[in-house]
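The values are calculated or read from the model by the stated rules, or taken from the named source; none is laboratory data. These numbers come from a predicted model, not from an experiment. Note that each Cβ is placed from the backbone with ideal geometry, even for glycine, and that neighbours are counted across all protein chains shown.
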Amino acid sequence: MVFAAAQNTASGCPAHRDLPEAIAALKRQRNAVILAHFYQEPEIQDIADFIGDSLELSRKAAATDAEVIVFCGVHFMAEVAKILSPQKTVLLPDLEAGCTLADACPADGFAQFRAEHPDHLVVSYINCSAAVKAQSDLICTSSNAVDLVNQLPADQPILFAPDQNLGRWVQSQSGRELTLWPGSCIVHETFSEQGLLQLKLDHPKAEVLAHPECQQHLLDHADFIGSTSALLRRSEASAAQEFIVLTEPGILHQMRKAVPGKAFFEVPGADGCSCNACPYMRLNTLEKLWQCLESMEPRIEMDEAMRLRALAPIQKMLEMSR
Ligand code: 13P
Ligand code: SF4
């Protein structure tokens with residue numbers, strides 16, 4: 001152990017209050033960078049070197065000159081970092097941090113889906129496994145999906161996977177017919193429409209900000225739809241003083257920091273559950289972050305042939321993204 005502090009476990013992990021300093025010391029020692037998604041716990045966001053949406057995090061992972069990337073997000077995001085930077089060590093604090101969208105699209109079932117549509121171009125949302133990326137022609141994120149689809153030839157049939165809600169939104173924005181894989185995100189499908197309507201009644205001047213992974217009946221209430229970063233920028237640029245936010249509530253931490261004078265309300269899950277928080281994103285903790293920097297495990301490893309196949313559609317996305 002490189003940091004002398006009160007310890008909270010037999011593993012040598014410092015006490016919770018000492019973790020930010022201990023992590024900073026280990027980070028310097030390992031020449032590491034901490035990348036975090038907006039859905040991480042606020043205390044992780046506060047010590048990250050960079051916070052962003054999926055596209056921004058991919059760009060950052062490709063550009064960093066750190067030797068070690070600690071990815072505070074979910075597995076597919078850390079995989080993208082490894083695909084783009086194979087020479088770097090990529091750590092994920094909890095390997096169990098998956099994603100229902102990635103899990104709902106197994107590589108063998110996807111191969112069959114493609115085989116049934118041989119003339120289609122395959123556009124896959126970045127929320128999928130490396131094995132599915134390796135079978136795709138183009139990767140997109142929620143921030144560039146509409147723009148990328150609009151750049152494809154008008155007569156080109158397209159398969160879109162794995163998020164049917166994002167796919168339907170892309171269809172509505174681009175006017176293109178997409179053949180959709182039937183996946184969805186448990187978090188974005190859980191928001192209570194009744195809870196949203198109550199918030200709108202209580203705050204009639206509030207703007208409704210929504211992520212395109214939400215179902216159509218919720219998007220119908222939205223004033224603005226976009227990726228996590230786009231929602232954050234909108235909360236800063238809009239003249240509105242109140243916002244109802246239809247995405248994982250981790251983003252509210254950055255919104256409140258960016259515009260402290262404005263009010264933000266999260267939409268509850270159906271039945272008043274707290275399932276509007278992503279259970280996978282929230283598996284990462286400060287303790288696990290410290291532990292992975294201390295032990296340099298768990299790492300993301302990947303077969304090189306698979307990495308190269310998955311790299312091509314990601315590179316295409318980065319080239320086509322404006
Ligand atoms: P963003 O790319 O908008 O950050 O979305 C990632 C995600 O997993 C949303 O559930
Ligand atoms: Fe996956 Fe949904 Fe969690 Fe995003 S919020 S990582 S789409 S399960």
Problem - Residues satisfying the stated conditions in the range 242-270, i.e. closer than 14 Å to residue 198 by Cα, more than 16 Å from ligand 2 (Cβ to nearest atom) and not aliphatic (A, V, I, L, M) - result: 243, 265
Exercise for the section: State yes or no: is residue 181 within 30 Å of residue 237 (Cα to Cα), within 16 Å of ligand 2 (Cβ to nearest atom), among the aromatic types (Phe, Trp, Tyr) and crowded, with 19+ Cβ neighbours inside 10 Å? Expected result: no
Completion exercise
Taking first residues from the range 200-216 that are under 14 Å from residue 238 (Cα atoms) and second residues anywhere that are among the small types (Gly, Ala, Ser) and within 12 Å of ligand 1 (Cβ to nearest atom), the pairs with Cβ under 8 Å that are 6 or more apart or on different chains are 209/226
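Taking the stated definitions as given, is residue 257 within 22 Å of residue 56 (Cα to Cα) and more than 16 Å from ligand 1 (Cβ to nearest atom)?
Values: within 22 Å of residue 56 (Cα to Cα): yes; more than 16 Å from ligand 1 (Cβ to nearest atom): yes.
Spelling it out, residue 257 is indeed within 22 Å of residue 56 (Cα to Cα) and more than 16 Å from ligand 1 (Cβ to nearest atom).
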Exercise for the section: Evaluate the range 63-72: report whether one residue or more is in contact with a helix residue (DSSP H, G or I) (Cβ under 7 Å, 6 or more places away or on another chain) and within 16 Å of ligand 2 (Cβ to nearest atom). Expected result: yes
Exercise for the section: Determine, yes or no, whether residue 84 is on the phi < 0 side of the Ramachandran plot, more than 16 Å from ligand 2 (Cβ to nearest atom), touching a Pro at 6+ places or on another chain (Cβ under 9 Å) and not small (Gly, Ala, Ser). Expected result: no
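Select from the range 225-252 the residues that are assigned to a helix (DSSP H, G or I), within 11 Å of ligand 1 (Cβ to nearest atom) and not small (Gly, Ala, Ser) and list them in ascending order.
First, pick out the residues of the range 225-252 that are assigned to a helix (DSSP H, G or I): 228-237, 251-252.
Pick out the ones that are also within 11 Å of ligand 1 (Cβ to nearest atom) and you get 228-232, 251.
Scanning the range 225-252 gives 228, 231, 232, 251.
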Exercise for the section: Determine the pairs where a residue that is away from ligand 2 (no atom under 16 Å from the Cβ), located within the range 24-49, has a partner that is modelled with pLDDT of 95 or more and among the acidic types (Asp, Glu) with Cβ atoms under 8 Å apart, the partner being 6 or more residues away or on another chain. Expected result: 26/294; 30/67; 31/67; 32/67; 33/49; 34/49
Practice task
Six or more apart or on different chains, Cβ under 8 Å: which pairs go from a residue in the range 275-297 that's assigned to a helix (DSSP H, G or I) to one that's among the hydroxyl-bearing types (Ser, Thr, Tyr) and away from ligand 2 (no atom under 16 Å from the Cβ)? Could you list them?
Solution key: 287/9; 291/11
Exercise for the section: Looking for whichever is buried (at least 23 other Cβ atoms within 10 Å of the Cβ) and either more than 29 Å from residue 115 (Cβ to Cβ) or within 23 Å of the chain's Cα centre (by Cα) (or both) here; the options are 203, 211, 217, 221. Which one fits? Expected result: 211
Fill in the blank from the handout: Taking the range 242-259 and keeping residues touching a Leu at 6+ places or on another chain (Cβ under 6 Å) and within 22 Å of residue 70 (Cα to Cα) leaves 254
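Only one of 257, 316 is within 22 Å of the chain's Cα centre (by Cα) and without any contact (Cβ under 8 Å) to a residue 60 or more places away in the chain; which? Even if it seems obvious, please write down each step before you answer.
On the way: 316 fails: without any contact (Cβ under 8 Å) to a residue 60 or more places away in the chain.
Sole residue among the options that is within 22 Å of the chain's Cα centre (by Cα) and without any contact (Cβ under 8 Å) to a residue 60 or more places away in the chain: 257.
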Handout entry: Every residue from the range 179-200 that is under 20 Å from the mean Cα position of the chain (by Cα) and among the acidic types (Asp, Glu)
Key = 189
Completion exercise
Quick count over the range 21-52, residues being surrounded by fewer than 17 Cβ atoms within 10 Å (Cβ to Cβ) and either acidic (Asp, Glu) or under 30 Å from residue 276 (Cα atoms) (or both), is 6
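Where in the range 158-224 are there strands (runs of 3 or more DSSP E), lying fully within it, with 1 or more residues that are closer than 25 Å to residue 273 by Cβ, small (Gly, Ala, Ser) and within 16 Å of ligand 1 (Cβ to nearest atom)?
Values: elements: 158-161, 178-180, 207-210.
Where strands (runs of 3 or more DSSP E) fall fully within the range 158-224 and carry at least 1 residues being closer than 25 Å to residue 273 by Cβ, small (Gly, Ala, Ser) and within 16 Å of ligand 1 (Cβ to nearest atom), they are 207-210.
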Handout entry: Filtered residue count, the range 260-293, keeping only those that are in contact with a Leu (Cβ under 6 Å, 6 or more places away or on another chain) and either more than 16 Å from ligand 1 (Cβ to nearest atom) or under 30 Å from residue 31 (Cβ atoms) (or both)
Key = 6
